[in-house]
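Down below is the structure, laid out as structure tokens.
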Amino acid sequence: MTVLIFLLKAYLSFTILIVILYVVRHYYFTLNRVFGRQRIAYNDIWDSDLPSVSVLIPMHNEEKVAKYVLEALIASTYPREKMEVIPINDHSRDKTQEILDEYAKNYSFIKPLHRLGNEPRGKPAGLNDALKIANGEIIIIYDADYIPPKGQLRELAINFIDPEVGAVMGRVVPVNTQANLLTRLLDLERAGGYQIDQQARFNMQLIPQYGGTVGAFRKNLVEKFGGFNPKILAEDTELTFRLYLNGYKVIYANEVKCYEEVPESWKVRARQIRRWSRGHNQVLFKYFIPLWRSRHLCWAQKLDGSLLLFVYAVPTVLFLGILTSFSLFFLGEMQIIANLGFILFMFTFNTFGNFAPFFEIGTACLLDGTKERIRLLPLFYFVFLYNMWYVFLGSYEALIDSLSGRQALWQKTERFRK
């Protein structure tokens, strides 16, 4: 019994340490954005010798949004002879195929890929098939609900003038912010994640993350890696670590903004978070040890990479911490005030430290010049509790995936555009 109590108390101390570590991390990122020097990407460089690009757009039942992303790319100022657009119709059952074929008739650089057979559905599998027919040196990815500005392809592609750059990531900005309370909260979440978290990691030359859309990568590198793993849902996170472990880096371009449609339903948001958590933890299980063995990374990058990998595992740590505190209470090793205080401590400080809304979102609003949005910050305590449950479910599914080797099914995010 004495050993059990010791182990429970040790885990409780470990939980508190993890929470405080994330608090310090995000607070440090915030200070860097307020007082540090902003490192800029290469998107302001002008070079007439641009690389050829292939724009890949994974699509599954995207009749509501398909024409918007295609029209935006038709208006692109990138040299037409150096670009091609490959919409990937991934087993759609609506009018997506008809829409894509109609655009292909009118624009020769739009070359749809229809995946309608027995191929496995999902973004990684679709990208692998598209890479086989893509002619561009640089692959640029947009999700189907995105609306890229006309000069954005050049702003992404120019970053590869640096031979050490393996991928580049732009900033995501919600286009449907005014729909309801959820979209307003997600707008704040995006602002903190990109304006503070991503930019601070780029400033300090840590590990900014390639996010799988509004991003680009070198085609030859992904081919060298053997393509994307169809069993891993977070193909973007996996590519980030593959690049760094092989001596390449990811550029974050804060000024390269693209507009997306965020979920307008809490149910859809829950499925999205669960998928992200599942995929992210799949990458954690696969790359944590190789990360620390890498000769291409300094200790600061290894530490930052570890904390990045563990972000979606923290709610599981907290759940176990709560169970530990209750166990100690019923064993007579913790008073009720201390027990409730510990639970409140974890919820409150994780709201500050893990999702970091107060530090990062507040500062992002200040930097963006949109101070009115800060009034919604108190609601993020409840958003954290909501996210925590679905992140936990995704972590559990990732663990089962790892142990059983089963194939994870891709869950598409529902669109709301009229």
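Figures for the structure shown
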| read-out | value |
| --- | --- |
| Within region 198-213, considering residues that are open to solvent by less than 20 Å² (accessible area, probe 1.4 Å) and not hydrophobic (A, V, I, L, M, F, W, C), the one modelled with the lowest pLDDT | G212 |
| Of all residues making up region 364-388, the number that are touching a residue at least 40 places away in the same chain (Cβ under 8 Å) and farther than 16 Å from A191 by Cβ | 3 |
| Pair list, Cβ under 7 Å, 6 or more apart: region 121-137 residue at positive phi, other residue open to solvent by less than 80 Å² (accessible area, probe 1.4 Å) | G122/P230; G122/W410 |
| Residue match in region 242-256 (condition: more than 30 Å from G151 (Cβ to Cβ) and open to solvent by less than 50 Å² (accessible area, probe 1.4 Å)) | yes |
| Hey, F342 open to solvent by less than 20 Å² (accessible area, probe 1.4 Å), modelled with pLDDT under 80 and part of a helix (DSSP H, G or I) or not | yes |
| Boolean, E119 is surrounded by fewer than 16 Cβ atoms within 10 Å (Cβ to Cβ), under 30 Å from H280 (Cα atoms) and touching a helix residue (DSSP H, G or I) at 6+ places or on another chain (Cβ under 8 Å) | yes |
| Output for region 25-76, where each listed residue is of a type in the set (A, V, I, L, M), within 25 Å of E260 (Cα to Cα) and assigned to a loop (DSSP other than H, G, I, E, B) | I40, A41, V65, A75 |
| Filter result for the condition that a residue is open to solvent by 40 Å² or more (accessible area, probe 1.4 Å) and within 21 Å of S402 (Cβ to Cβ), over K224, K231 | K231 |
| Residue that is surrounded by the fewest Cβ atoms within 10 Å (Cβ to Cβ) [pool: residues in region 29-65 that are aliphatic (A, V, I, L, M) and over 24 Å from the mean Cα position of the chain (by Cα)] | I45 |
| Hits in region 93-110 (condition: surrounded by fewer than 22 Cβ atoms within 10 Å (Cβ to Cβ) and in contact (Cβ under 8 Å) with a residue 12 or more places away in the chain) | R93, D94, K95, Q97, I99, Y103, Y107, F109, I110 |
| Positions within region 279-293 being touching a Lys or Arg at 6+ places or on another chain (Cβ under 8 Å) and surrounded by fewer than 17 Cβ atoms within 10 Å (Cβ to Cβ), in sequence order | W292 |
| Residues that are over 28 Å from N159 (Cα atoms) and crowded, with 21+ Cβ neighbours inside 10 Å, drawn from region 66-92 | N89, D90, S92 |
| Some residue of region 11-28 being over 30 Å from F329 (Cα atoms) and open to solvent by 30 Å² or more (accessible area, probe 1.4 Å) | yes |
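Here's the yes/no breakdown for (1) within 13 Å of the chain's Cα centre (by Cα); (2) closer than 27 Å to L70 by Cα; (3) aliphatic (A, V, I, L, M):
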site	(1), (2), (3)
Y259	no, yes, no
R269	no, yes, no
N281	yes, no, no
I289	no, no, yes
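So that you can scan it fast, the table gives a plain yes or no per residue for (1) outside any strand (DSSP E or B); (2) in contact with a helix residue (DSSP H, G or I) (Cβ under 7 Å, 6 or more places away or on another chain); (3) closer than 23 Å to T240 by Cα:
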| position | (1), (2), (3) |
| --- | --- |
| G136 | yes, yes, yes |
| I139 | no, yes, yes |
| D143 | yes, no, yes |
| L156 | yes, no, yes |
| V172 | no, yes, yes |
| N176 | yes, yes, no |
| A179 | yes, no, no |
| L186 | yes, no, no |
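Residues are listed down the side, and each one gets a yes or a no for (1) modelled with pLDDT of 95 or more; (2) farther than 27 Å from W276 by Cβ; (3) hydroxyl-bearing (S, T, Y):
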| site | (1), (2), (3) |
| --- | --- |
| E71 | yes, yes, no |
| E84 | yes, yes, no |
| H91 | no, no, no |
| F109 | yes, yes, no |
| N118 | no, yes, no |
| L131 | yes, no, no |
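The values are calculated or read from the model by the stated rules, or taken from the named source; none is laboratory data. None of these values were measured; they are calculated from a predicted model. Ideal geometry is used to build each Cβ from the backbone, glycine not excepted, and the neighbour counts take in all protein chains shown. Only protein heavy atoms, including side chains, enter the accessible area calculation; ligands, DNA and RNA are left aside. Shrake-Rupley method; radii C 1.70, N 1.55, O 1.52, S 1.80 Å.
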